[in-house]
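The values are calculated or read from the model by the stated rules, or taken from the named source; none is laboratory data. If you're wondering where the values come from, they're calculated on a predicted model, not measured in any experiment. As a convention, Cβ positions derive from the backbone with ideal geometry for all residues, glycine included, and neighbour counts pool all protein chains shown.
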Amino acid sequence: MPKIAEIERTPNPNAMKFILKEPLSYGISRSYDSAEAAREDALAAALFAVPGVTNVFYVDTWITVTQDGTRDWNELLKQLAVPIREAPAAEAQSRAHAEAAAAALDDASLSPEDREKLLVIRGLLDEQVRPFLQSDGGDLIVVGLEGNRLKVHYQGACGSCPSSLSATLDGIAYLVRSVDPELEIVPV
């Protein structure tokens, strides 16, 4: 049962970041845009049961919850704290999710060159982009590489933040094009 260490505002006024004293996962992020998508995740489903919640994103020792803008944060934070405190801490299943994510590079449709390109891009994003997004309550994952289209998915506070689709995306495109100038970045 994780304890909440602190609650931080994010650049997105409709999202708050909960910093926890114990991890919920071991490096694997979970992001949900609807109650339906979250139905298999007990924590996310409980958070979506709170009226006004539109997005739940968590990884390691923090959770970002986004609301629809109609709720008062003071009251909403009290309601959200209950399922967060009741959630189990990270378990062995988190390690299984990490292994599954790593196996995504084994996609048979990727050429050896594209696989190497994808590894380099992921490394650059892990070092130069994701730490900044995570500090603001969000994250970014590389969904895949199809031809010259690199698909990325914003999570947490970044998922509905206007700067994600402008300045941040431009910065990512600039960085990724250092690997391949022909790549087009597509947020999904």
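One line per residue, one yes/no per condition, for (1) surrounded by fewer than 17 Cβ atoms within 10 Å (Cβ to Cβ); (2) within 19 Å of Asn12 (Cβ to Cβ):
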| position | (1), (2) |
| --- | --- |
| Asn55 | no, yes |
| Val65 | no, yes |
| Thr70 | yes, yes |
| Ala81 | yes, no |
| Arg85 | yes, no |
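Take the stretch 37-70 and flag every residue that is of a type in the set (D, E, K, R) and either touching a Gly at 6+ places or on another chain (Cβ under 9 Å) or modelled with pLDDT of 95 or more (or both).
In the first step, residues of the stretch 37-70 are kept if they are of a type in the set (D, E, K, R); the result is 39-41, 60, 68.
Answer for the stretch 37-70, where residues must be of a type in the set (D, E, K, R) and either touching a Gly at 6+ places or on another chain (Cβ under 9 Å) or modelled with pLDDT of 95 or more (or both): Asp60, Asp68.
Among the residues of the stretch 1-36, write down those that are surrounded by 15 or more Cβ atoms within 10 Å (Cβ to Cβ), among the aliphatic types (A, V, I, L, M) and in a loop (DSSP other than H, G, I, E, B).
Listed by number, the residues that qualify are Leu24, Ile28, Ala35.
Residue by residue, here is whether (1) over 20 Å from Val143 (Cα atoms); (2) not in a helix (DSSP H, G or I); (3) not assigned by TED's automatic domain parsing to the domain that holds Ser135 holds:
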residue	(1), (2), (3)
Ala38	no, yes, yes
Leu43	yes, no, yes
Asn55	no, yes, yes
Thr66	yes, yes, yes
Gln79	yes, no, yes
Val82	yes, no, yes
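If I ask for residues that are of a type in the set (Ser, Thr, Tyr) and at pLDDT below 65, which ones from the stretch 89-122 would you list?
If the condition is that a residue be of a type in the set (Ser, Thr, Tyr) and at pLDDT below 65, then Ser94 is the only one that fits.
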